[in-house]
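Data first, discussion second: the structure below is written as structure tokens.
Read-outs throughout are calculated quantities, based only on the coordinates presented, and are distinct from any laboratory measurement. Computed from a predicted model, the values in this text were never measured in an experiment.
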């Protein structure tokens, strides 16, 4: 490990050379000016888009002058190539935007393409300052009874990261194949996809341990120590992990399910190792709920067997209107709505007699529980228009406030004086 620190300190000595500092200034100063100009010309997109190509051309001209004068220019050319390649990634993102939706494109760029570029750029830069082959042979000590070098550790970490990040698309493809073969629903497909991803990550971890040649006895000893720690510090994390796996197998809480949380319907977006992420439609909020919560509290689901939900709106009509006429009008109004299911048919009921109106309930079925609020709004608007067209009054309690003027004082005539 000390050998690695000494090598890194030697790289800083490379920066003390005048030719190296001149090349750094040739690249850094134009890029810094580009950043300042972009902030100032942010309101002028056409000009802002031309700044980067012009800046790269200016740096290339400076490198040409260094080569013409017989001065070192290798580092400046390398940095120019890196910045040009990063600009190429922006162009690649514009091209992929025509082929992929925004969310998968963002994940591909932020988790795979750009991190891979940064790792390769860092390796290429280190190779400019030193030898990667020599650095890979530096020992970093004994781990689990095995002597490890820097190259083995770096390769294992890269493979493990690729397994964790890259396991999503293969797992999604296998889950889609299972859906087509076994004719499972969308919630089951997402659950199978998550299980496949866990399996791929577990196999990747086992392969990395086997590749490094780690001592199985030492790993078991460490696992035994961790099992003791589970009873103290991280028992909640372990409990949530086991709860998440159990929920996937049980099928009660799966991605795509609609649960009733705190009076609102919420759709399960993902079921992770520690918690489930639910989406609430009315304010576009995401709720993060620990997995074990679903084992300790009662949860209402609208998608246990199907996604149909019975909804209801309430309305009052004046006493002078025939209840049979009102019931028939309510049912006809609900049947006319496109997002109200025709079967089971809508049903209107007389709930009771209020102080100023007869109270009715219109019950109907919808296909998606997340659309309940908007569909109820549409039905309420249609009921208002139907009542107005049929001359049916929706009464409401009224209060009349009358101000009573205070009575004027009675004038008493003065009594006659005593004689």
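Please report the relative contact order for region 295-389, taking Cα pairs under 8 Å with a sequence separation of at least 6, and give it as a percent rounded to a whole number.
On the way: 133 pairs, mean separation 34.0, N = 95.
Relative contact order, region 295-389: 36 percent.
Based on the alpha-carbon gyration tensor of region 309-390 and its eigenvalue square roots a ≥ b ≥ c, which shape applies: rounded if a/c is under 1.5, prolate if not and a/b is larger than b/c, or oblate? Taking the square roots of the gyration eigenvalues as a ≥ b ≥ c, region 309-390 is prolate.
Distance from the C-alpha centroid of region 160-213 to that of region 318-368: 49 Å, rounded to the whole angstrom.
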